[in-house]
1. Quick one: if the Förster radius is 25 Å, what FRET efficiency do residue 8 and residue 80 give, using the C-beta to C-beta distance and rounding to 0.05?
2. Any idea what the dipole of the range 46-133 comes to, in debye rounded to 20, about its Cα centre with Lys/Arg Cβ at +1 and Asp/Glu Cβ at -1?
3. When the chain is treated as a GNM, springs tying every alpha-carbon pair under 10 Å, which of 67, 107, 27 comes out with the largest mean-square fluctuation?
4. What is the Cα coordinate range of the chain on the first, second and third principal axes, sorted by size from largest, in whole angstrom?
5. Under a cut-off of 12 Å between alpha-carbon atoms, report the aspartates and glutamates in cross-link reach of residue 55, not counting same-chain residues fewer than 8 places apart.
6. Largest first and in whole Å, what are the equivalent-ellipsoid semi-axes of the range 43-105 based on the Cα gyration tensor, each being the root of 5 times an eigenvalue?
7. Roll a 1.4 Å probe over the protein heavy atoms and report the accessible area of residue 89 in Å², nearest 10.
8. With all protein chains present, how much of the accessible area of the chain (probe radius 1.4 Å) comes from carbon and sulfur, to the nearest whole percent?
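The values are calculated or read from the model by the stated rules, or taken from the named source; none is laboratory data. As the structure is a computational prediction, the values presented were derived from the model and not from experiment. Ideal geometry is used to build each Cβ from the backbone, glycine not excepted, and the neighbour counts take in all protein chains shown. When the accessible area is computed, the model is the full protein with side chains, heavy atoms only, and any ligands, DNA or RNA have been set aside. Shrake-Rupley method; radii C 1.70, N 1.55, O 1.52, S 1.80 Å.
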Amino acid sequence: MEAVTTKKIRHSDVRDRIYEYLCGTKAHPSANTIDNDLKPSIPKLSLGTVYTNLKLFEELGQVIRVANVKGFERYDADTSEHVHFVCEECGAVIDVEDANIRAAKKACQMGQAKIKNIQIVLHGTCEECSNHS
């Protein structure tokens, strides 16, 4: 994804920690989860700071907003084209391996349209929640 902003960005240790956290998880956390998980090691961290940095990361193409799950936006540092599954019961966001993105792109192409990015989010009930119903 191409960078949208051209403004000079000062280095920030807190920003680095937030980004490292996102890169180190497959859980697709919300801003609240990031704040709660990092607060013990960064006591002065605020939810506003987390949101500000998530917005910046999105503008820079470093993270994607996957979906709104139970009222909370969920984020992913894996910006490669891949499919997500959202469980409407437990709220899990799961990467779908081996999804055929090329076929989806081909199906979506219209005339001379050029697709820059594709995100597919499937909604349903995960295997674990299905087994408990």
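1. 0.35
2. Numbers: 9 positive and 13 negative charges, 116 e Å.
Around 560 debye, computed over the range 46-133.
3. Of the options given, 107 has the highest mean-square fluctuation.
4. 46, 46, 23
5. 73
6. Details: eigenvalues 123, 54, 14 Å².
Semi-axes, largest first: 25, 16, 8 Å.
7. 110
8. Values: 4350 of 8830 Å².
On the chain, the fraction of accessible area on carbon and sulfur atoms equals 49 percent.
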